[in-house]
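Enquirer: Once you've had a glance at the structure underneath, I'll fire off some questions.
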Amino acid sequence: MPRPKSRIAMRYLRLCFACLVLALAAASSLHAAPTARPVAAPKTVLFVGNSFTFYNNSLHTHLRQLLIAADPELVFPDSLKSMTISGARLADHEGGLKQMLESYDWDVVVLQGHSLEAVDPEQSRAFRSSVERFAQLIRDDDARPMLFMTWAYSGQPGMTADLDHAYRSIGDEAGVLVVPVGLAFARAGEEIEGIELRTADGKHPTLEGTYLAACVFYGALFALSPLPLTYDAGLDPALARDLRRVAWQTLESYYGSNQR
């Protein structure tokens with residue numbers, strides 16, 4: 001588990017970590033950041049969601065491995081954690097989120113709702129309300145909320161545009177940075193021949209899908225390109241590199257048109 005709160009020590013460690021990441025970013029043109037990069041690199045990140053997050057040994061596990069590949073010294077023990085409930089709507093996490101915020105000091109909390117919540121007319125109002133309410137709880141705890149844009153189901157390419165529109169709107173209303181994983185899925189499907197990002201049910205991520213999502217979060221959270229990294233999650237190295245490229249290009253394109 002992340003360490004219990006100790007504000008002074010945690011703020012000092014955050015400052016050191018942020019300075020180190022900024023130095024790495026300045027050292028290589030490969031690490032040019034998107035226009036809307038985060039204001040400071042996080043030391044601790046909590047992922048709140050459902051099976052879209054926990055499939056394939058959890059997205060946060062692969063994100064940790066990407067960080068280790070970047071520099072083992074940047075990874076603090078148990079600094080990445082997920083809190084998930086199978087099939088959950090975002091509102092289902094209210095009690096658990098409050099407990100996690102009260103007990104531990106997070107820099108970033110990522111919110112992932114049900115894959116239809118943002119676009120289903122019968123659920124979207126409740127989802128927007130949950131995002132706004134949770135974002136305020138997170139900010140009140142001196143952490144930064146981020147919103148996980150999920151992906152379209154197989155055979156429903158039009159769902160991508162609906163998700164994009166909904167998440168842009170919700171992010172703007174709540175003042176929350178959106179991480180465009182769903183757009184990366186769409187881009188990878190167009191650019192990588194034969195890629196399978198979803199399991200046979202057409203919804204849940206394959207290992208390739210989870211790896212792509214982790215690469216998008218690496219770039220969004222740390223303002224660094226995942227391209228130079230060597231961690232490939234056991235995938236074909238060439239395919240893994242293509243997925244890292246797609247993740248970064250998606251972030252550059254998305255944040256370039258969404259100033260924050």
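The values are calculated or read from the model by the stated rules, or taken from the named source; none is laboratory data. Since the model is a prediction, treat every value here as computed from it, not as a measurement. Quick reminder, even Gly has a Cβ in these numbers, built from the backbone with ideal geometry, and neighbours come from all protein chains shown.
Enquirer: State all residues of segment 163-184 that are part of a helix (DSSP H, G or I) and more than 13 Å from the chain's Cα centre (by Cα); if no residue qualifies, say none.
Expert: Passing the criteria: L163, D164, H165, A166, Y167, R168, S169, I170, G171, D172, E173, A174.
Enquirer: Determine whether E132 is modelled with pLDDT under 95 and more than 16 Å from L46 (Cβ to Cβ).
Expert: no
Enquirer: Among the residues of segment 51-87, what is the count of those that are among the basic types (K, R) and in contact (Cβ under 8 Å) with a residue 24 or more places away in the chain?
Expert: Number satisfying all stated conditions: 1.
Enquirer: Here is a further query. Could you please give the count of residues in segment 157-181 that are buried (at least 21 other Cβ atoms within 10 Å of the Cβ) and under 18 Å from V246 (Cα atoms)?
Expert: Residues meeting the conditions: 4.
Enquirer: Restricting attention to segment 58-80, report how many residues are in a loop (DSSP other than H, G, I, E, B) and more than 14 Å from the chain's Cα centre (by Cα).
Expert: Of the residues in that region, 6 qualify.
Enquirer: Also, I was wondering about something else. Output the residue which, of all residues in segment 208-224 that are in contact with a Lys or Arg (Cβ under 9 Å, 6 or more places away or on another chain) and aromatic (F, W, Y), is farthest from G182 (Cα to Cα).
Expert: My answer is F222.
Enquirer: Please enumerate the residues belonging to segment 113-128 that are touching a residue at least 12 places away in the same chain (Cβ under 8 Å) and not aliphatic (A, V, I, L, M).
Expert: Hits for segment 113-128 are G113, H114, S115, E117, Q123, S124, F127, R128.
Enquirer: Here is a follow-up. Go through (1) among the aliphatic types (A, V, I, L, M); (2) out of contact with any His (no Cβ under 7 Å at 6 or more places or on another chain); (3) modelled with pLDDT of 95 or more and name the single condition A223 misses.
Expert: (3)
Enquirer: Quickly run through segment 182-217 and pick out the residues that are of a type in the set (A, V, I, L, M, F, W, C) and in contact (Cβ under 8 Å) with a residue 60 or more places away in the chain.
Expert: The answer is L183, A184, L207, A213, A214, C215, F217.
Enquirer: Something else now. Please state which of the following conditions I85 fails to meet, knowing it meets all the rest: (1) in contact with a Ser or Thr (Cβ under 8 Å, 6 or more places away or on another chain); (2) of a type in the set (A, V, I, L, M); (3) surrounded by fewer than 17 Cβ atoms within 10 Å (Cβ to Cβ).
Expert: (1)
Enquirer: Taking the condition within 24 Å of L80 (Cβ to Cβ), without any contact (Cβ under 8 Å) to a residue 24 or more places away in the chain and outside any helix (DSSP H, G or I), does D232 pass?
Expert: yes
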